[in-house]
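One structure below.
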Amino acid sequence: MPRFAANLTMLFNEQPFLDRFHAAAQAGFRGVEYLFPYDWEASELAGKLEQHGLEQVLFNLPPGDWEGGERGIACLPDRIEEFREGVFEALEYAKALGCQRINCLAGLQPATMPDQVAFETLVENLRFAADILAAEDIMLTVEAINSRIDMPGFFLDTSRAAMAAIEEAGRDNLRLQFDIYHMQVMEGDLCRSLSELCPHIGHIQFADNPGRHEPGTGEIRFDHVFAHIDSLDYDGWVSAEYRPLTDTKSSLGWFHPTR
């Protein structure tokens, strides 16, 4: 089976955030991710990782005003300086947490912004972030998120769009974050896509569709998808980023931890 990690933003919500590290370890996970670390001291998070024998596998660059509805700022030309400041902030957290991957959220494209302006801004920002992170041997990923249900207006909403930005940026430590749920919504044909994109994939996330719940609640044949990932030349993490239909413990029937 793949190396599974738990997204602590979505899983183990039955308890306060800092208690979720223990819950994930008790359930058998050895890797964790979450959307953002910035509300906590890096030393506090690092202590939780060490205490419970967990690896921090991923978090996102600062997204702008998340509570206000922003979903990243990397495609916004008037936010370049803010984006760059966020890269340095994320780097300090990554070094403290021993995290080798940071994800970039492209953001919502304003209706009046031409596609080319958004694309060129994103590529410039990806190059900058990738170069800064490369000095610390850290991978930068960029993610396509569905624009049909979860994030209308998100600039990168297909794997093709994300790969176009990756190829134009041309950095060796820049990879695709492939989210099985989002790509099922936008594209389907998951196993073919995983096979074709595998050389470019730096991280995988998953949830079932519809509903973004755990495997077995929707249309995706996860037994087949997980077996297919195992057959590929992919040695990264596969992170559970779903909303449990009831509670987290009841949602883990798909998970068979390896120690």
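Remark: relative contact order (region 161-242) = 29 percent; criterion is Cα-Cα distance under 8 angstrom and separation of 6 or more residues.
For the residues T112, T121, T246, a GNM of the chain with alpha-carbon springs under 10 Å puts the largest fluctuation on T112. Please sort through the DSSP H helices of the chain and keep those with an alpha-carbon extent of at least 24 Å along the long axis and a Kyte-Doolittle average not below -1.0. Within the chain the helices that satisfy the rule are 80-97, 115-134.
Give me the dipole magnitude in Debye, nearest 20, for region 3-251 about the Cα centre, with unit charges on the beta carbon: positive for Lys and Arg, negative for Asp and Glu.
500
Among the GluC sites (Glu not before Pro) found in region 196-259, those both in a DSSP coil and sparsely packed, with 15 or fewer other Cβ atoms within 10 Å of their Cβ, are E219.
About the Cα centre, and with charges only on the beta carbon of Lys, Arg (+1) and Asp, Glu (-1), how big is the dipole of region 67-147? Nearest 20 debye, please. Working shown, then result.
Working: 6 positive and 15 negative charges, 44 e Å.
With only Lys, Arg, Asp and Glu charged at Cβ, the dipole is about 220 debye.
Applying the Karplus relation 6.51 cos²θ - 1.76 cosθ + 1.60 with θ = phi - 60° to region 30-41 yields 3J(HN,Hα) values of 10, x, 9, 9, 6, 4, 9, x, 6, 7, 10, 5 Hz, where x marks Gly and Pro. By the helix-only formula, in which each DSSP H run with n ≥ 4 contributes -39500 (n - 2.57) and the sum is divided by residues, the chain has a 222 nm mean residue ellipticity of -11000 deg cm²/dmol.
Short-range pairs are left out: with C-alpha atoms under 8 Å and at least six residues apart, the relative contact order of region 3-251 is 18 percent. When the surface is traced with a 1.4 Å probe over the full set of protein chains, S43 keeps roughly 90 Å² accessible. Element breakdown for the chain at a 1.4 angstrom probe: carbon and sulfur atoms account for 47% of the accessible area.
A crude spin-label estimate for the pair L232 and E124, with each label 7 Å from Cα along the Cβ direction, gives 3.3 nm. Among the GluC sites (Glu not before Pro) within region 60-101, those in coil by DSSP and having at most 12 neighbouring Cβ atoms inside 10 Å are E67.
Leaving out ligands and nucleic acids, and using a 1.4 Å probe, what accessible area per residue does region 3-251 come to in Å²?
42
The values are calculated or read from the model by the stated rules, or taken from the named source; none is laboratory data. Because the structure is predicted, anything quoted here is derived from the model rather than measured. Reconstructed Cβ throughout: ideal geometry from the backbone, glycine too, with neighbour counts over all protein chains shown. Note: accessible area is taken over every heavy atom of the protein model, side chains too, but ligands, DNA and RNA are not part of it. Shrake-Rupley method; radii C 1.70, N 1.55, O 1.52, S 1.80 Å.
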